[in-house]
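The structure appears below as C-alpha coordinates.
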Amino acid sequence: QVQLVESGGGLVHSGGSLRLSCVASRGTFSSYAMGWFRQAPGKEREFVAAISWGSASTYYADSVKARFTISRDNALNTVYLQMNSLKPEDTAVYYCNAARSLGPLRAGKSDYWGQGTQVTVSS
(Lines give C-alpha, C1' and ligand atoms only; values in the text may rest on other atoms or scores of the structure.)
Protein backbone atom coordinates (compact mmCIF):
# COMPACT_ATOMS: atom_id res chain seq x y z
CA GLN A 1 0.00 0.00 0.00
CA VAL A 2 1.53 3.29 -1.12
CA GLN A 3 1.36 6.24 1.24
CA LEU A 4 1.69 9.75 -0.15
CA VAL A 5 2.56 12.87 1.82
CA GLU A 6 2.48 16.31 0.20
CA SER A 7 4.29 19.43 1.36
CA GLY A 8 5.26 22.84 0.09
CA GLY A 9 1.93 24.60 0.03
CA GLY A 10 1.44 28.07 1.45
CA LEU A 11 0.41 31.66 0.81
CA VAL A 12 1.97 33.51 -2.12
CA HIS A 13 1.24 36.70 -4.00
CA SER A 14 -0.01 36.66 -7.57
CA GLY A 15 2.91 36.10 -9.93
CA GLY A 16 4.89 34.19 -7.32
CA SER A 17 6.13 30.62 -7.28
CA LEU A 18 5.85 27.54 -5.12
CA ARG A 19 7.21 24.02 -5.38
CA LEU A 20 5.10 21.17 -4.08
CA SER A 21 6.64 17.85 -3.12
CA CYS A 22 5.05 14.46 -2.61
CA VAL A 23 6.98 11.67 -0.95
CA ALA A 24 5.84 8.09 -1.41
CA SER A 25 6.43 5.24 0.97
CA ARG A 26 5.49 1.58 1.24
CA GLY A 27 5.53 0.78 -2.42
CA THR A 28 7.63 0.57 -5.53
CA PHE A 29 7.48 4.24 -6.44
CA SER A 30 9.20 3.82 -9.80
CA SER A 31 6.45 1.50 -11.03
CA TYR A 32 3.70 4.10 -10.63
CA ALA A 33 2.55 6.96 -12.78
CA MET A 34 2.22 10.04 -10.57
CA GLY A 35 0.09 13.11 -10.77
CA TRP A 36 -1.38 16.20 -9.16
CA PHE A 37 -5.01 17.21 -8.85
CA ARG A 38 -6.52 20.23 -7.14
CA GLN A 39 -9.82 21.18 -5.59
CA ALA A 40 -10.97 24.73 -5.01
CA PRO A 41 -13.78 25.58 -2.57
CA GLY A 42 -17.14 24.69 -4.04
CA LYS A 43 -15.62 23.03 -7.10
CA GLU A 44 -14.91 19.49 -8.18
CA ARG A 45 -11.43 18.04 -8.01
CA GLU A 46 -9.62 18.65 -11.31
CA PHE A 47 -6.58 17.26 -13.06
CA VAL A 48 -3.43 19.41 -13.00
CA ALA A 49 -0.46 17.35 -14.21
CA ALA A 50 0.81 13.80 -14.62
CA ILE A 51 4.09 12.05 -15.29
CA SER A 52 4.87 8.52 -16.39
CA TRP A 53 6.97 6.17 -14.27
CA GLY A 54 10.16 6.91 -16.20
CA SER A 55 9.45 10.63 -16.80
CA ALA A 56 9.21 10.07 -20.56
CA SER A 57 5.69 11.46 -20.73
CA THR A 58 4.11 14.45 -19.03
CA TYR A 59 0.64 15.92 -19.31
CA TYR A 60 -0.85 19.20 -18.15
CA ALA A 61 -4.23 20.82 -17.86
CA ASP A 62 -4.58 23.68 -20.33
CA SER A 63 -4.98 26.12 -17.46
CA VAL A 64 -1.46 25.43 -16.13
CA LYS A 65 0.54 24.72 -19.30
CA ALA A 66 3.72 26.80 -19.56
CA ARG A 67 3.42 27.77 -15.89
CA PHE A 68 3.62 24.45 -14.01
CA THR A 69 6.20 21.69 -14.38
CA ILE A 70 5.89 18.16 -13.01
CA SER A 71 9.00 16.09 -12.36
CA ARG A 72 10.04 13.10 -10.31
CA ASP A 73 13.09 11.63 -8.65
CA ASN A 74 12.68 7.88 -8.37
CA ALA A 75 15.76 7.60 -6.15
CA LEU A 76 14.05 9.84 -3.59
CA ASN A 77 10.52 8.45 -4.12
CA THR A 78 9.40 12.01 -4.73
CA VAL A 79 7.31 13.83 -7.31
CA TYR A 80 7.38 17.61 -7.62
CA LEU A 81 5.15 20.31 -9.00
CA GLN A 82 6.93 23.57 -9.75
CA MET A 83 4.34 26.32 -10.00
CA ASN A 84 5.33 29.66 -11.51
CA SER A 85 3.36 32.78 -12.40
CA LEU A 86 0.70 31.81 -9.90
CA LYS A 87 -2.76 33.32 -10.21
CA PRO A 88 -5.55 33.71 -7.65
CA GLU A 89 -7.51 31.07 -9.56
CA ASP A 90 -4.79 28.55 -8.73
CA THR A 91 -5.92 28.69 -5.10
CA ALA A 92 -6.92 25.17 -4.07
CA VAL A 93 -5.96 22.12 -2.09
CA TYR A 94 -3.44 20.19 -4.17
CA TYR A 95 -3.44 16.40 -4.03
CA CYS A 96 -0.75 13.99 -5.13
CA ASN A 97 -1.89 10.67 -6.60
CA ALA A 98 -0.44 7.44 -7.89
CA ALA A 99 -1.69 4.80 -10.29
CA ARG A 100 -0.32 1.86 -12.27
CA SER A 101 -0.98 3.67 -15.55
CA LEU A 102 -1.50 7.19 -16.81
CA GLY A 103 -5.00 6.69 -18.22
CA PRO A 104 -6.76 5.98 -14.93
CA LEU A 105 -4.57 8.49 -13.13
CA ARG A 106 -5.52 11.34 -15.44
CA ALA A 107 -9.17 10.36 -15.09
CA GLY A 108 -8.91 10.64 -11.31
CA LYS A 109 -9.24 6.90 -10.81
CA SER A 110 -6.00 6.55 -8.92
CA ASP A 111 -5.11 3.81 -6.52
CA TYR A 112 -3.63 6.17 -3.94
CA TRP A 113 -4.09 9.77 -2.83
CA GLY A 114 -2.29 12.05 -0.43
CA GLN A 115 -4.00 14.20 2.19
CA GLY A 116 -3.50 17.43 0.26
CA THR A 117 -1.64 20.69 0.76
CA GLN A 118 -3.23 24.13 0.63
CA VAL A 119 -2.06 26.69 -1.92
CA THR A 120 -3.42 30.20 -1.59
CA VAL A 121 -2.61 32.93 -4.11
CA SER A 122 -3.48 36.47 -3.13
CA SER A 123 -4.20 39.16 -5.69
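One table, with the values for the structure above:
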| read-out | value |
| --- | --- |
| Solvent exposure of region 17-80 as accessible area per residue, Å², 1.4 Å probe | 51 Å² |
| With DNA, RNA and ligands ignored, accessible area of R100 (1.4 Å probe; Å², nearest 10) | 150 Å² |
| Whole-Hz couplings from phi, Karplus 6.51/-1.76/1.60, listed for region 46-62; x for Gly and Pro | 10, 5, 10, 7, 8, 9, 6, 4, x, 6, 6, 10, 10, 9, 9, 5, 4 |
| Accessible-area order (highest first, 1.4 angstrom probe) of the listed residues D73, D90 | D73, D90 |
| Cα-centre dipole for the chain with unit charges at Cβ (Lys and Arg positive, Asp and Glu negative), debye to 20 | 120 debye |
| Phi-based couplings in Hz for region 109-120 (Karplus 6.51, -1.76, 1.60; Gly and Pro marked x) | 9, 7, 6, 9, 9, x, 8, x, 9, 7, 10, 10 |
| Residue with peak Gaussian network fluctuation, the chain [Cα springs, cutoff 10 Å], from S101, S57, S25 | S57 |
| Extended-chain gain in nm, criterion 0.36 nm per residue less alpha-carbon gap, S52 and D111 | 19.8 nm |
| Largest-first ordering by accessible area, 1.4 Å probe, given options E44, E89 | E44, E89 |
| Which of Y60, Y32 is most accessible, then next, and so on - probe 1.4 Å | Y60, Y32 |
| Debye-sum result for region 40-87 in log10 I(q)/I(0), which assumes one identical scatterer on each alpha carbon, at q = 0.20, 0.33 Å⁻¹ | -0.74, -1.24 |
| Kirkwood hydrodynamic radius of region 1-55, Cα pairs, Å | 13.2 Å |
| Solvent-accessible area, 1.4 Å probe, carbon plus sulfur percent, for region 49-123 | 49 percent |
| Extension gain, K43 back to E89 (0.36 nm per residue minus Cα-Cα distance, nm) | 15.4 nm |
| Top positive-direction residue, dipole computed over the chain with Cβ charges, set L4, Y32, L86 | Y32 |
| Choice from A56, A92, A33 showing the highest fluctuation, given a GNM over the chain with Cα pairs closer than 10 Å | A56 |
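The values are calculated or read from the model by the stated rules, or taken from the named source; none is laboratory data. Quick caveat, the model's predicted, so the values are computed rather than measured. Quick reminder, even Gly has a Cβ in these numbers, built from the backbone with ideal geometry, and neighbours come from all protein chains shown. Heavy atoms of the whole protein, side chains included, go into the accessibility calculation; ligands, DNA and RNA do not. Shrake-Rupley method; radii C 1.70, N 1.55, O 1.52, S 1.80 Å.
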